[in-house]
Each structure stands twice: as C-alpha cells, then as structure tokens.
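Every number here is computed from the coordinates shown, using simple stated rules; none is lab data. This one's a predicted model, so the numbers in the text were calculated from it and none came from an experiment. Positions of Cβ are backbone-derived with ideal geometry, glycine not excepted, and every protein chain shown enters the neighbour counts.
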Amino acid sequence: MTDFDADKLSRLLLGEVPGKRIHYLEEVDSTNDYAVGLAVAGAEEGEVVVADRQTRGKGRLGRVWVSPPGKNLYLTVILRPRISPSVSPQVTLMAGVAAAEVLSGYCGDSVSLKWPNDVLIRGRKACGILTEMRLSGAEVDFVVVGTGININMDQADFDDSFGPATSLKVEVGREVSRFDVALKLLRGFGKWYRIFLEEGFSPVRERWMASSGMLGRRIEVRSKDTVKKGIFEGLDEKGALLLLDEEKERRHIISGDVVLAEDWECCL
Ligand code: BTN
C-alpha cells in the first residue's frame with residue numbers, strides 16, 4: 001500500500017484497542033480469515049489486520065467483496081469481549097456507527113446507515129462490515145470485525161450487481177488517503193467499543209437510528225425464501241430490525257436484505 005505506513009499507524013495508536021498491533025499484508029485471501037487464524041493462535045484483543053489487496057474478500061451471505069490493490073481499505077479488528085453470543089450482532093451495528101462517523105467527516109449528511117451492516121453515501125454503498133464469532137463452550141472466545149471501505153475506486157470500477165455502490169473519491173471528487181481513513185476508523189471504533197462495553201447497546205442504538213436514512217419509510221426485507229413488506233421502525237433493544245408489516249404486526253427481524261420499496265401502496 002503505497003500511501004499506507006503501518007508502523008506509523010501503530011505509533012499513533014500507542015497500544016490502544018484497536019491498534020495495539022497492526023498486521024499489515026500486501027496480499028491476503030481475506031483479512032477476516034487471517035484474523036481468525038491469528039485469534040485461534042492466541043492474538044490479543046485490539047490486534048488489527050490490514051491488507052492492500054484481498055484475493056477472496058468476503059461479503060455477507062457468501063458474497064464476494066471486490067478488493068483490488070492500491071484503492072481501498074480492508075481491515076479487520078480482533079476483539080475478545082465478555083458478552084453473550086446473542087449480543088454479537090450489536091458489535092456489527094457498533095462498527096457501522098463508527099464507520100459512518102468517519103465517512104460523515106468527508107461527506108457530511110449524505111452518509112446513512114442501512115441495516116444490518118452497510119454504510120451508504122447518497123444511498124449508494126461505500127462500506128460493508130462482516131463480523132464473525134468463535135465460541136469456547138457457551139462463551140465468546142473472540143469476534144473478528146472486518147470493515148471494507150471503498151476509498152479511491154472510480155465509478156467505472158464498480159460492478160453494481162449487488163446494488164449501487166460508490167467511493168469516497170467519487171463523492172468528494174479527489175483522492176483520499178487510506179492511511180487517514182484507517183487512523184480515523186480505528187480511533188472511532190475504539191471510542192464506540194468502549195461506550196458499548198461500559199454503557200451497553202442503548203447509546204449505539206440511539207446513534208445508529210439517528211444516522212439511519214430509512215426510519216418511517218416503506219421497505220422490503222428479503223431473505224432466501226421470503227419477502228416481507230412494511231414500515232421500517234428502527235432497531236429493537238437487541239439490534240433486530242423492527243418492521244410494522246402489512247397486517248400491522250410489529251416484527252423483529254434478525255436477518256435479511258433491506259431495500260426501499262417506495263412504489264408499494266401502503267395503507268398502514
Ligand atoms: C458486506 O457488506 O457484505 C460485508 C463486506 C465486508 C468486507 C470486509 S473487507 C475486510 C474484511 N475482510 C473480508 O474478507 N471481508 C471484510
């Protein structure tokens with residue numbers, strides 16, 4: 001990564017969580033998979049894997065995360081939180097809040113969060129988060145939180161087959177330093193992780209909802225075999241999506257893909 005000085009990043013983060021140790025790689029299959037390997041071998045909370053390029057970058061639901069060299073940020077944080085496994089989806093939402101704050105620093109109010117793991121700019125995806133967890137018995141052994149941010153991709157570089165995408169460069173009209181984005185992201189992540197551990201999910205949930213572009217709007221939640229339509233009412237206290245469905249039932253949804261469905265005739 002030409003504009004990426006991993007030693008400087010370690011020095012600036014001075015043993016913080018995350019950032020106490022930066023594993024920088026020119027090429028890796030997936031920073032998440034590499035981080036899982038490190039964690040299994042005993043890596044500590046706060047160690048970070050960053051790569052210039054991923055050959056098998058992973059997205060949610062088995063999708064590919066396009067990861068060319070020299071353009072974007074692919075970064076995974078290893079955590080060992082003392083939380084119940086059922087709470088791990090909240091870690092993804094917390095990471096989304098941290099990433100949205102960083103992107104807002106470049107693009108202001110055009111940044112929004114889309115449940116469960118996307119950060120959008122002008123409604124186009126600029127960042128995705130993939131959290132993976134390993135248990136030891138009934139306890140969380142570790143969680144790896146991978147964040148991919150499109151930084152210097154051009155619009156023509158995107159294959160929009162999973163929906164419209166964008167990058168910081170496209171949005172601000174100039175190249176953006178990946179080093180600066182990584183530093184801001186790790187600092188913001190650390191701030192929100194401490195809030196989450198000390199105060200629980202409630203402040204994260206509040207901040208997440210304040211940055212959601214979809215509150216009160218008509219959406220569809222698509223999963224493998226079903227499509228549920230309704231009004232997006234935000235997150236419940238566990239992080240599940242709250243949908244007021246067509247039968248006026250309030251549903252708590254824990255997985256699926258959300259799309260705006262403004263063409264749907266709503267009588268709720
Ligand atoms: C998604 O939106 O589907 C999640 C995308 C997550 C991509 C990041 S890039 C760094 C980390 N390593 C991976 O293989 N995936 C995540």
| At a Förster distance of 25 Å, what's the computed FRET efficiency of Arg217 paired with Asp160, Cβ-Cβ distance as r, to 0.05? | 0.70
| In degrees, nearest 10, range 0 to 90: what is the angle between the Cα axis of helix 178-199 and the longest Cα principal axis of the chain? | 60 degrees
| message | Could you tell me the center-to-center distance, by alpha carbons, between region 114-172 and region 61-110 in angstrom? | response | 6 Å
| message | Kirkwood hydrodynamic radius, region 7-149, all distinct C-alpha pairs: what's the number in Å? | response | 15.5 Å
| task | May I ask you to list the aspartates and glutamates whose Cα is less than 14 Å away from that of Lys71, ignoring any residue fewer than eight positions away on the same chain? | result | Asp3, Glu26, Glu27, Asp52, Asp154, Asp157, Glu175, Asp180
| said: Would any residue of region 98-129 have its amide N under 12 Å from a label point 7 Å out along Cα→Cβ of Asp180? List them or say none. | reply: 105-107
| query | So how much slack lies between Asp225 and Ser255, counting 0.36 nm per residue of separation and subtracting their Cα-Cα distance, in nm? | reply | 9.6 nm
| said: Can you tell me the mean projection area, over all orientations, of the convex hull of the chain's alpha carbons? Units nm², please. | reply: 14.2 nm²
| note | The alpha-carbon pair-distance distribution computed for region 98-172, with 5 angstrom bins and whole-percent values, is 3, 15, 25, 20, 14, 8, 6, 6, 2, 0
| said: Give me the three principal axis extents of region 149-217 from the C-alpha atoms, as integers in angstrom, largest value leading. | reply: 43, 35, 19
| said: Whole-Hz ³J(HN,Hα) for each residue in region 246-259, computed from phi via Karplus 6.51 cos²θ - 1.76 cosθ + 1.60 with θ = phi - 60°, x for glycine and proline: what do you get? | reply: 5, 8, 6, 8, 8, 9, 9, 10, 9, 8, x, 10, 9, 10
| Cα principal axis extents for region 157-268, largest first, Å | 49, 41, 24
| query | What's the angle, to the nearest 10 degrees (0 to 90), between helix 88-107's Cα axis and the longest principal axis of the chain? | reply | 80 degrees
| Cα-based equivalent ellipsoid of region 210-249: semi-axis lengths in Å, sorted from largest, via gyration tensor | 17, 12, 11
| note | Which of Lys20/Lys125; Lys169/Lys224; Lys20/Lys228; Lys191/Lys238 exceed 32 Å between C-alpha atoms? The answer is Lys169/Lys224; Lys20/Lys228
| request: Determine ³J(HN,Hα), in whole Hz, for all residues of region 161-169 in sequence, where each value follows from phi through the Karplus function 6.51 cos²θ - 1.76 cosθ + 1.60 and θ = phi - 60°; x replaces Gly and Pro. | output: 5, 9, x, x, 10, 8, 9, 4, 4
| task | Using only Cα atoms, find the angle between the long axis of helix 31-40 and the longest principal axis of the chain, and express it within 0 to 90 degrees, rounded to the nearest 10. | result | 70 degrees
| remark: CD proxy, 222 nm, the chain: helix-only mean residue ellipticity via -39,500 (n - 2.57) per DSSP H run with n ≥ 4, per residue, nearest 500, stands at -8500 deg cm²/dmol
| message | Taking 8 Å as the Cα distance limit and 6 or more residues as the minimum spacing, I'd like the relative contact order of region 1-111 as a percentage. | response | 22 percent
| Those trypsin sites (Lys or Arg not before Pro) in region 171-268 that DSSP places in a loop and that have at most 11 other beta carbons within 10 Å | Arg174, Lys224, Lys248
